[in-house]
Structures are given as C-alpha cells and as structure tokens.
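Note sheet for the following structure.
The values are calculated or read from the model by the stated rules, or taken from the named source; none is laboratory data. Not measured: the values here are computed from a predicted model. Glycine gets a Cβ as well: all are built from the backbone with ideal geometry, and neighbour counts include every protein chain shown.
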Amino acid sequence: MKPDVLDAPAGHAPETFTWPLGIDRSLGVPVGTQLRGQLEYGIACGDIPRGARLPSVRELSQELGVAHMTVAGVYKELLGLGLIITSRGRGTFVADAPQPPPGPDPARLTRLLTDTLVQAEGEGYSLRQISEAMSALIARGARPPQNGVSVLLVGLFADATRSYAADVQAALPAGDRVQAVTLDDLRSGRALEGAQNADVVLALAHRLAETRALLPGWEVIPLGFIPSQRTRAALAALDPLTRLAIVATFEEFLPTFLGGVRRFAPHVSAIQATHLNAENLQTVLDGCDVAIYATGSETVRTLMPYRPAFEYRYIVDPRGIEELVLPAVAAQRTPQNRARKELS
C-alpha cells in the first residue's frame, strides 16, 4: 500500500506530540511490537490526538534507545493501516478523522423560498394563502420518517461490540438503529446483507483498514474509546497490598495496558503483566490475588475460578459520537438520501 503523502499546508506546523512512549524490556515483548502497540492504541483511544505531529524516526530512535530500522518499520506498518500520514518537508502526523458532512446552505434555502414566493404571487395567490399552505406543508414534513437511519458498527469481539453499539444507540433519536457485527462476521459473509443496507458504517479506529477492505466503497467512520467509569472505579478500589496480574489479549498492547492499569491504580505496586498466549500465563495467575484482563481474554476467569478477575472494559468516546457519528447520521436524513433509500 502506497503511503499517503501530503503537501505542506500554510501556517504554523503543530508541535510534536509528547505522549510518554517507553520500552519495558522486562515484559519479554519485542521492542518493535511494543512501540507499534503503544502508537496504535494511543491513536485509537485518543491519547494521541488526530493531526498531532509524531517524532521523526531519528528522534524516536534516540529517545527510546531503539534501532532506527525498528522505528522505521513501525511507522511503515502504521502508514499501511492508515493511522498516520507523511507530509513533504514537515514530518509524520496522526491521520485526521473524516470531516463531518457539511450542513445545508441557509442562503440557498432563502433563494429557493424567494423564487417560490415570487412564482406563487405571480399566479395570483395572496400572501395569506401562501403562508397557510406553507404552514401545512411544514406540519406534514415535521412528522418523523417511517424508516430511521441504519448504523452498522464493526468490532472485534461480539460482546464488546454489542456494548459499543449500545453506547451509540443511546445517543441516537428514536427510530434509528445500530447493528453490531464483528470482523469475523463480515469475513464469513454472515453480516454482508446487513452491511449492504447500512446508511452509516462505524469501525474501531485501529481496525479501520481491515473494515474498509471488507466493505469496499463504503465511507467508514473510525471510533475512539476510553476506559469505562466502572473500570476506573474498580482499579481505584483495589487494596494497595493486592498482588495484581494483568493479561492482555494481544502482546503488542501489553505495555499500554500495563500503563493504563498503573494510571488508575498507582497505589498498587505488586503487578505482573503477561498476555493470553504467553507460556507463563498460568504461573502469573497462580501468584496473584486479583486479575485484570483485556477484552477477548475472558478465559482468565476459568483459569482462576476461585479468585476475583474483571475485564478492563472500554466505552465509545462520547466526543467521537458527538463530532463524527451524529453529523453522519443527520446527513442521512436529507431529502436526497431519504429518496435514495425509498427507491433502493
């Protein structure tokens, strides 16, 4: 896949983002995998903002003590995923989120109504008759449409995807509906019919390229995520003497997962971190009092049935719903789009 290259825009370049990246060599995860996971996770969850300038390959290599080729390889992977872009003479940036569709032009509406008014007066109708007719038309048009907007949310794990869909559903007007499907559903063809009938498609920000490949021709909107209030509260409530185990589903996200746990449970010092496919998984679980596992690692519960374990759960970032999802859904209510749906 050819990397995106942009011409340098006018104005001041944004400052280099200084999100605290780090390499933890005690985790047994390759340094390139750690770096890619931290950048991918940070972008997907909004910790690294859209449009932020990333350090150059040389700068990041020197800062982390990582080989130049390792950093270059990570950047190449993220370019291929569409998470970052390069700009001639300026550097590497987090890709911008898609712009919400522009709203209707008020000036054009004024012109349309003026033309209609002039034509009606020219045919002999009084202003009162025109006003009454217009009021009646507006009253009829104010009724809610019979068919709401159909939103497709594509996730990775079924249970979590249904939860994310519920987050989006709660923000939509009555009559709109959100269907939750997974990438595996699309790959197997089980959800293709529902996808074809969707008006708006949403995807996990770090799985955007995969979703677009499975739904060619669709404009897919990336969703960001933040830790849920329940997750933050559970971590804050841990006893300081707790021996804590954390289990990531994917090893590349282990350093970031560990950082998130430490962020909300800074008072807990005895922490062992591993991932679902690690050889030491059972050993780590046997030595803990409490385990925290990432979405997709629910099997941890069966591996330690008599001790507490809970999921580090996320919710859809409300900012993304407000800034991207709601405008995209509103755009589907235009007369042109409603007519297209009725004809399809």
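The figures follow:
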{"quantity": "Any hit, the stretch 191-201, residues being polar (S, T, N, Q) and at pLDDT below 90", "calculated": "yes"}
{"quantity": "Filter result (in contact with a Pro (Cβ under 8 Å, 6 or more places away or on another chain) and loosely packed, with under 15 Cβ neighbours inside 10 Å) within the stretch 77-88", "calculated": "GLY80"}
{"quantity": "Scan of the stretch 299-315 for residues that are surrounded by 15 or more Cβ atoms within 10 Å (Cβ to Cβ) and touching a strand residue (DSSP E or B) at 6+ places or on another chain (Cβ under 7 Å), ordered by number", "calculated": "VAL300, ARG301, MET304, ALA309, PHE310, GLU311, TYR312, TYR314, ILE315"}
{"quantity": "Matching option when the condition is of a type in the set (Val, Ile, Thr), closer than 21 Å to VAL154 by Cα and either touching a His at 6+ places or on another chain (Cβ under 9 Å) or in contact (Cβ under 8 Å) with a residue 24 or more places away in the chain (or both), among THR211, THR256, THR231", "calculated": "THR211"}
{"quantity": "Some residue of the stretch 265-273 being in contact (Cβ under 8 Å) with a residue 60 or more places away in the chain, over 30 Å from VAL201 (Cβ atoms) and buried (at least 19 other Cβ atoms within 10 Å of the Cβ)", "calculated": "yes"}
{"quantity": "Matching residues, the stretch 280-297, being touching a residue at least 24 places away in the same chain (Cβ under 8 Å) and charged (D, E, K, R)", "calculated": "ASP289"}
{"quantity": "Filter pass, ARG190 being touching a residue at least 12 places away in the same chain (Cβ under 8 Å) and basic (Lys, Arg)", "calculated": "no"}
{"quantity": "Some residue of the stretch 328-336 being touching a Ser or Thr at 6+ places or on another chain (Cβ under 8 Å), surrounded by 18 or more Cβ atoms within 10 Å (Cβ to Cβ) and at pLDDT 90 or above", "calculated": "no"}
{"quantity": "Single match in GLY46, GLY42 (criterion: assigned to a helix (DSSP H, G or I), modelled with pLDDT of 70 or more, within 16 Å of ALA95 (Cβ to Cβ) and not assigned by TED's automatic domain parsing to the domain that holds LEU208)", "calculated": "GLY42"}
{"quantity": "Qualifying positions in the stretch 130-163 - polar (S, T, N, Q) and at pLDDT 80 or above", "calculated": "SER131, SER150, THR161, SER163"}
{"quantity": "Criterion (out of contact with any Leu (no Cβ under 9 Å at 6 or more places or on another chain) and not β-branched (Val, Ile, Thr)) met by exactly one of GLU219, GLU251", "calculated": "GLU219"}
{"quantity": "Any helices (runs of 4 or more DSSP H) falling wholly within the stretch 230-344 and containing at least 3 residues that are of a type in the set (A, V, I, L, M, F, W, C) and over 28 Å from the mean Cα position of the chain (by Cα)", "calculated": "281-286"}
